[in-house]
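One structure is given below, encoded as structure tokens.
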């Protein structure tokens with residue numbers, strides 16, 4: 001049975017890239033709204049054990065078997081068929097994705113979309129070494145898809161280029177989408193954060209911005225700048 005056939009309502013997707021605090025923020029938004037949330041990243045083969053093989057037909061992640069799909073565009077009919085086989089069979093209304101920058105044109109046909117932005121110097125250098133690999137996978141996928149030219153340099157240079165390519169795509173495809181600023185979430189007072197989150201009203205059902213903002217302030221943590229600070 002198809003719980004959501006797509007035409008009756010538009011669900012909500014928060015788009016970003018790896019290492020932006022999206023898991024923390026999405027859980028807070030879900031808690032303070034009436035949107036059933038898929039925790040986490042429905043269209044990521046590594047985080048969807050039920051539909052992993054179906055998702056990996058079109059979507060990618062850092063896994064060697066599907067990384068090429070990260071930068072490979074998906075046509076709207078193909079995405080609609082995937083939604084019928086997966087997402088629309090359940091009652092979720094809210095999802096967040098970190099590897100879907102190159103799928104935005106199609107996703108926006110079916111989902112209301114917002115962007116979570118985090119500055120380059122807050123993402124790099126990452127405190128988890130595997131983040132370099134996540135962004136390098138984006139870079140290599142874009143090169144193999146013919147969307148960018150190879151650059152000189154090693155792993156770190158390739159990873160940072162992957163960040164640039166992903167955000168270039170997001171900026172081009174979702175220029176008019178609401179944008180949540182990670183810096184503001186980490187520094188502003190609760191009242192200003194609530195106003196900022198109000199961009200999502202109408203996308204997330206019954207979003208209680210003041211309650212979400214209060215929890216953001218209560219749970220946010222400054223990013224350690226070095227491995228020594230992390231320990």
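Each value in this text was obtained by applying a stated rule to the coordinates, not by laboratory testing. Because the structure is a prediction, the values reported are computed rather than measured. So basically every Cβ, Gly included, is an ideal-geometry build from the backbone, and we count neighbours across all protein chains shown.
Once the range 21-110 is represented by equal point scatterers at the alpha-carbon sites, with solvent omitted, what log10 I(q)/I(0) does the Debye formula produce at q = 0.11, 0.14, 0.25 Å⁻¹? Log10 of I(q)/I(0), two decimals: -0.29, -0.48, -1.41. Rg and Dmax over the alpha-carbon atoms of the chain stand at 17.4, 52 Å. Of the peptides 83-91, 158-166, the ranking by mean beta-carbon count within 10 Å, highest at the top, reads 158-166, 83-91. Largest GNM mean-square fluctuation across 118, 130, 72, computed for the chain with C-alpha springs under 10 Å, falls on 130. The alpha-carbon atoms of the range 116-231 define a convex hull whose volume equals 128 cubic angstrom per residue.
Mean residue ellipticity at 222 nm from the helices of the chain, using -39,500 (n - 2.57) per DSSP H segment of n ≥ 4 over the full residue count, to the nearest 500 deg cm²/dmol? Please list the in-between numbers first.
Numbers: 11 runs with 95 residues, N = 231.
-11500 deg cm²/dmol, from helical runs alone.
Structure remark: mean-square fluctuation, Gaussian network model of the chain, C-alpha springs under 10 Å; the largest value among 192, 95, 44 belongs to 192. Projecting label points 7 angstrom from Cα along Cα→Cβ for residue 217 and residue 86 puts them 3.9 nm apart. I want to verify a result. In a Gaussian network model of the chain, Cα cutoff 10 Å, which of these has the top mean-square fluctuation: 181, 171, 121? Among 181, 171, 121, the largest mean-square fluctuation in the Gaussian network model of the chain belongs to 121.
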